[in-house]
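Novice: Supplied in structure tokens, the structure appears directly below.
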Amino acid sequence: MENLQNVFKSDNNSIQALHDEANIIQAFMDEPCNLQDPNSMTERLCKLDAYMSRLGEMNVVAKAIRSRAENAFVSQREDINKLTATASNRIIKAHMEDYNILYDRIDTMYETIRHLTKDLVTQISYIKEQMKNLGGV
């Protein structure tokens, strides 16, 4: 079983790099937005768009890493053939936990940024409408 554990450690650097980048994006997402400054909102929207694009790329990489780990495990499956299907699946699930967490985290962040972007566009539109109405008075 020891050699199976090494299979799952092969992408630790890639996983950590993706987590590190996700931490930077998460920190930006956690920053409050100045809803009183349209320029600040527009700048934030541009950054969110860039981060959404990057998260899309990161999601593809995380999915590929996860798939590669699953395939590596299957190719080494003879080491766990002695176990029942339930036990074997539990081992696979346990070994895949880090890969699944990374993939789910990036996917969730992508969807969150999508919602933040839509909300910010709505806020900007509302401010523009308010300014237009005030200018017309």
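The values are calculated or read from the model by the stated rules, or taken from the named source; none is laboratory data. Predicted model, so just to flag it, every value in this text is computed and none were measured. Cβ sites come from the backbone with ideal geometry, for glycine too, and all protein chains shown count toward neighbours.
Novice: Filter segment 103-128 down to residues that are among the hydrophobic types (A, V, I, L, M, F, W, C) and either modelled with pLDDT of 95 or more or not in a helix (DSSP H, G or I) (or both) and give me whichever is farthest from GLU31 (Cα to Cα).
Specialist: ILE106
Novice: Hey, another quick one. Is at least one residue of segment 57-80 touching a Ser or Thr at 6+ places or on another chain (Cβ under 6 Å) and either at pLDDT below 85 or hydroxyl-bearing (Ser, Thr, Tyr) (or both)?
Specialist: yes
Novice: In segment 79-101, which residues are among the hydroxyl-bearing types (Ser, Thr, Tyr) and either in a helix (DSSP H, G or I) or touching a Gly at 6+ places or on another chain (Cβ under 6 Å) (or both)? So that I can check it myself, show each step before the final result.
Specialist: Within segment 79-101, the first condition is being among the hydroxyl-bearing types (Ser, Thr, Tyr), and the residues that meet it are 84, 86, 88, 99.
Within segment 79-101, THR86, SER88, TYR99 meet the criteria.
Novice: I'm trying to understand the selection: among the residues of segment 36-70, which are without any contact (Cβ under 8 Å) to a residue 12 or more places away in the chain, among the charged types (D, E, K, R) and assigned to a helix (DSSP H, G or I)? Lay out the reasoning, then the answer.
Specialist: Just the residues of segment 36-70 that are without any contact (Cβ under 8 Å) to a residue 12 or more places away in the chain, to begin with: 36-37, 39-40, 43, 46, 50, 53, 57, 60, 64, 67.
Filter again for among the charged types (D, E, K, R), leaving 37, 43, 57.
Across segment 36-70, the qualifying residues are GLU43, GLU57.
Novice: Let me ask another. Please go through segment 9-30 and give me each residue that is among the acidic types (Asp, Glu) and not in a helix (DSSP H, G or I), ordered by number.
Specialist: ASP11
Novice: Only residues in segment 80-94 that are under 16 Å from ARG66 (Cα atoms) count as the first member; pair them with residues that are part of a helix (DSSP H, G or I) and of a type in the set (Asp, Glu), Cβ under 9 angstrom, at least 6 apart or cross-chain, and list the lot.
Specialist: Pairs found: ILE92/GLU70.
Novice: Given the conditions (1) in a helix (DSSP H, G or I); (2) over 20 Å from ASN12 (Cβ atoms), which single one is not true for CYS33?
Specialist: It fails just one condition, (1).
Novice: OK, next. Quick test of your reading of the structure: HIS115 fulfils all but one of (1) surrounded by 12 or more Cβ atoms within 10 Å (Cβ to Cβ); (2) under 22 Å from the mean Cα position of the chain (by Cα). Name the failing condition by number.
Specialist: Here HIS115 meets the rest and fails (1).
Novice: Are there any pairs, at least 6 apart or on different chains, whose C-beta atoms fall under 8 Å, with the first in segment 109-137 and under 30 Å from ASP20 (Cα atoms) and the second among the β-branched types (Val, Ile, Thr) and not in a loop (DSSP other than H, G, I, E, B), and if so, which?
Specialist: Pairs found: MET109/ILE25; ILE113/ILE25.
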